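To keep things clear, I will list the structure first and then write my remarks on it.
Read-outs: derived from the displayed coordinates by stated rules, not from any lab. Keep in mind it's a predicted model, so treat the numbers as computed, not measured. Virtual Cβ from ideal backbone geometry, glycine too; neighbours counted across all protein chains shown.
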Amino acid sequence: MTLQNNHYYISIVLPTLNEVENISSIIRKIINLSNNFLIEIIVVDDASTDGTTSLVKKLSQEDNRIRLINRYGRNGLSSAIKEGSLSASGDLIAVMDTDGQHQVESLYEAIEELLITNKDLIIGSRFLDNSSIKGLSDKRKKGSSLANTFAKYSLSKKYFNLTDIMSGFIVFKSLTVLKFVERIDVNGFKFLYELLSVSDGTLDCKEIPLNFLPRKFGESKLDIAIVWDFLISLIHSLSKRLIPRKAISFALVGISGVLVQLSISYSFMWFLGFTFQSVLPIAVVLAATSNYLVNNWLTFRVKRLRNKALFIGLLKFLLVSSLPIFANVGLASSFYKLVSPNTLFSQLAGIIVVFIWNYAASSKLVWNT
């Protein structure tokens, strides 16, 4: 089947962040292969600093099928794809990466497959038998495969046959899929994973093989924050999205703070001869500082504080935490004296009191979310 049906209007969403060396060739390839049907190209740029925005503006002046959404104060891959999809006019919406690792030819194969099969969603998979992965190291392949395996168990059983839940290459029907796109948490790990999660098995999906190429220019956006997002997304989905993502992240960071507090308190008692009551305030304050820095780095990184604002934020966080810090110290000490001389249980009793207040108050007063 050849795509020659002008009745279909296809929107192609291209999220960008510093892809000036890749985006022009991708757009031109899309245009060169689109003569048989109507298209619009929506570039959603997250305030690139390398000239991507200016280049796309110039291309849009040359061809009115190209549209730029220039975002300031909003960022993130899932957020960009959601915003581009919801602003699209097409009967079909296609999404692909702009780093050169997805072939434009595969985009039209996916569109053709969707029209032939009448599916809701076509996914370009890196892990089918006929797929080719030249753009991932062996370590990244194993990591992606492991992430897909874990992700399957947090989704509807209907999606269990899918091989690439983390794919950034999809084509879908506006009519049946956009209602789920509206519900996607833009802070999620991967747009497709979040889409499958909120759709809860109702979408009719099919995968096609993907030739995943090496990146020619620029650098991968993968970092520890993305791995953290994956962990949060899994817990969020397993909780049926009842627990807010930031609350999950805040709680996990809080667990690290527990380890910091326990490590400091026992180190000071065992190696420096401090008493439990004398070391407890030091351990609690240092654990609170650790929680603040990690939350600023991961949980609230969209509004991450830097330089002077980082120091002021720490003071605010400690101020917000001061009441529960006193409660932590007081309750732990009281538990130790009146209930049990077990230092572990005494500290855990105080830590539990702190969590809800710290999450709610610091979210609003420190990071203004």
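Per-structure values
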item	result
For the chain, with +1 on Lys and Arg beta carbons and -1 on Asp and Glu, the positive-most of A287, N32, S60 along the dipole	A287
Whole-number percent relative contact order across the chain, with pairs defined as alpha carbons under 8 Å at least 6 apart	14 percent
Residues whose placed amide H lies under 5 Å from that of Y9, excluding near-sequence neighbours	D91, L92
For L128, distant residues with modelled amide H under 5 Å away	L210
Derived scalar couplings ³J(HN,Hα) [the stretch 139-153; Karplus, 6.51 cos²θ - 1.76 cosθ + 1.60; whole Hz; x for Gly, Pro]	5, 5, 4, 5, x, 5, 5, 5, 4, 4, 5, 4, 5, 4, 6
In nm, spacing of pseudo-spin labels at N368 and S89 (7 Å Cα→C-beta vector)	3.6 nm
FRET efficiency, 1/(1 + (r/R0)^6) with R0 25 Å, evaluated for L146 and L178 via beta carbons	0.20
Rounded to whole Hz, the Karplus (6.51, -1.76, 1.60) HN-Hα couplings of the stretch 41-48, x for glycine and proline	10, 10, 9, 10, 10, 8, 6, 4
Within the stretch 109-203, GluC sites (Glu not before Pro) in DSSP loop having at most 12 other beta-carbon neighbours inside 10 Å	E182
The stretch 105-183: C-alpha gyration tensor shape, a/c 1.5 cut-off, then a/b vs b/c	oblate
L310-E62 FRET efficiency (beta carbon distance; Förster radius 45 Å; 0.05 resolution)	0.55
Computed [θ] at 222 nm, deg cm²/dmol, the chain (DSSP H ≥ 4; -39,500 (n - 2.57); rounded to nearest 500)	-17500 deg cm²/dmol
Convex hull volume per residue in cubic angstrom - Cα atoms of the stretch 43-114	112 Å³
Residue among N130, V171, V258 farthest towards the positive dipole end of the chain, charges placed on Cβ	V258
Approximate shape of the stretch 9-222 as ellipsoid semi-axes (Cα gyration tensor, √5λ), whole Å, largest first	25, 19, 17
Calculated P(r) over Cα pairs in 10 Å bins from 0, in percent (choose from (1) 5, 21, 31, 28, 13, 1, 0; (2) 5, 21, 27, 21, 13, 9, 4, 1, 0; (3) 5, 21, 26, 16, 7, 7, 8, 6, 4, 1, 0), label	(2)
Tail fraction, Cα-Cα pairs, the stretch 13-76, threshold 15 Å, whole percent	46 percent
Long-range amide H partners of E207 with built H, under 5 Å	I123
